[in-house]
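Worksheet: the structure to be examined is printed underneath.
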Amino acid sequence: PPAHSRNDWIGPPDKHSNLRPVIFYVPPEESPLERRLREARQEAQACDQHFWAQHNRTFRQEKEEFIYSRLKAKGLEMRDETGQKATLNAEEMADFYKDFLSKNFRKHMQYNR
C-alpha cells in the first residue's frame, strides 16, 4: 500500500488457502487498545490462513487419490488416449465430497468454534 494510505489493504487470494490476506493499517498514534485489536485480527488471519492452506492441500491430495483409485478400478489411466486428464462424473465425485466432509466434520466444527 502507498505510504499515505489510511486504510487496510486486501490482497489477491492466496494460492494455497484461497483467502485474501489483509495488510492492516497502523495509525501513527495507535493506542494500546487499538494495537491489541489489530494484533488479534492479525493472529486470527494467520490461523485462518494456516487452517485453510492445510485443509485445501489435504482436499486436493485426497481428491487425486480418489480419482486415481476409481479410474484404476475401471481399468483406466489418469490420462486418456489424447493426453487429456481423465475425469469422473458428478455422481462419482459426490461420493468423494460426501466422504471428505464427513471425515472432516469435527475439524470444521472446531474451526468454527
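Can you tell me how much longer the chain between residue 50 and residue 62 gets when fully stretched, taken as 0.36 nm per residue apart minus their C-alpha distance, in nm with one decimal? Show your work: numbers first, answer last.
On the way: separation 12, 0.36 × 12 = 4.32 nm, distance 1.83 nm.
Between residue 50 and residue 62, full extension yields an extra 2.5 nm.
By the rule of a C-alpha distance below 17 Å, with chain neighbours fewer than 8 residues away ignored, the lysines paired with residue 63 are 72, 74, 85, 98, 103. Over all Cα atoms in the chain, the spread is summed up by Rg and Dmax: 20.9, 67 Å.
Close amide H contacts of residue 8 (hydrogens built in the peptide plane, cut-off under 5 Å, sequence separation of 5 or more or a different chain): 25. Using a probe of 1.4 Å, the accessible surface attributed to residue 10 totals some 110 Å² when neighbouring protein chains are kept in position.
With the other protein chains left in place, how much accessible area per residue, in square angstrom, belongs to the chain at a 1.4 angstrom probe? Working shown, then result.
Details: 9160 Å² over 113 residues.
Normalised by residue count, the accessible surface of the chain is 81 Å².
So what is the calculated 222 nm ellipticity per residue for the chain, using -39500 (n - 2.57) for each DSSP H run with n of 4 or more, over all residues, to the nearest 500 deg cm²/dmol? Let's see the in-between values first.
Working: 3 runs with 64 residues, N = 113.
So the calculated ellipticity at 222 nm is -19500 deg cm²/dmol.
Within the accessible surface of the chain, defined with a 1.4 Å probe on protein heavy atoms only, the carbon and sulfur portion equals 54 percent.
Using a probe of 1.4 Å, the accessible surface attributed to residue 50 totals some 120 Å² when neighbouring protein chains are kept in position. A 1.4 Å probe, protein heavy atoms only, puts the accessible area of residue 93 near 20 Å².
The values are calculated or read from the model by the stated rules, or taken from the named source; none is laboratory data. Quick caveat, the model's predicted, so the values are computed rather than measured. Keep in mind that these areas ignore ligands, DNA and RNA; they rest on the heavy atoms of the full protein, side chains included. Shrake-Rupley method; radii C 1.70, N 1.55, O 1.52, S 1.80 Å.
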